[in-house]
Amino acid sequence: MDSDLVLELPTDIRSIEGAVDYVMSRCQACTEHARRLNLNFRVGLTEALANAMLYGNGRDPSKHVLVEVVVRGGMLRATIRDQGVGFDPTRVPDPTLPENITRPCGRGLFLMRSLLDEVSFNDLGNEVTLVLRLDSGGAFEGGAQA
């Protein structure tokens, strides 16, 4: 994937807010689409990172999470990959069904699917790609990597 921004994060939930803030600060398109990006993309990315660290990597501090973000042709795409064994996203119960309301799992996936235009997983289930369509294209300042 041709990435505009690549981050490798430790499995430490305390790093999520700073990483998301950094991604948002590097995105020039954020000023044009601030409302949608600051809610939809910020929440979706935060949930994906939390899932990767807590469930994918099982809070194992020796593992990392890779984040690749691309803005091209009116589309913002973030791919988040953990070092876990993966999972089957179709087997996560729908948290909106009455029998699942009190269950602790599935809310993050539900939020991602509700707030973003596309959410897809690789076959193994250790990588999620989030897509948010923007009105016009944008780019990250300087195309720097961290």
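Would you confirm whether or not region 109-121 contains a residue that is farther than 22 Å from Asn40 by Cα and at pLDDT below 90? No: zero hits. Picking from residues in region 26-76 that are of a type in the set (D, E, K, R) and part of a strand (DSSP E or B), the one that is modelled with the lowest pLDDT is Arg72.
The values are calculated or read from the model by the stated rules, or taken from the named source; none is laboratory data. Please read these numbers as outputs of a predicted model, since none were measured by experiment.
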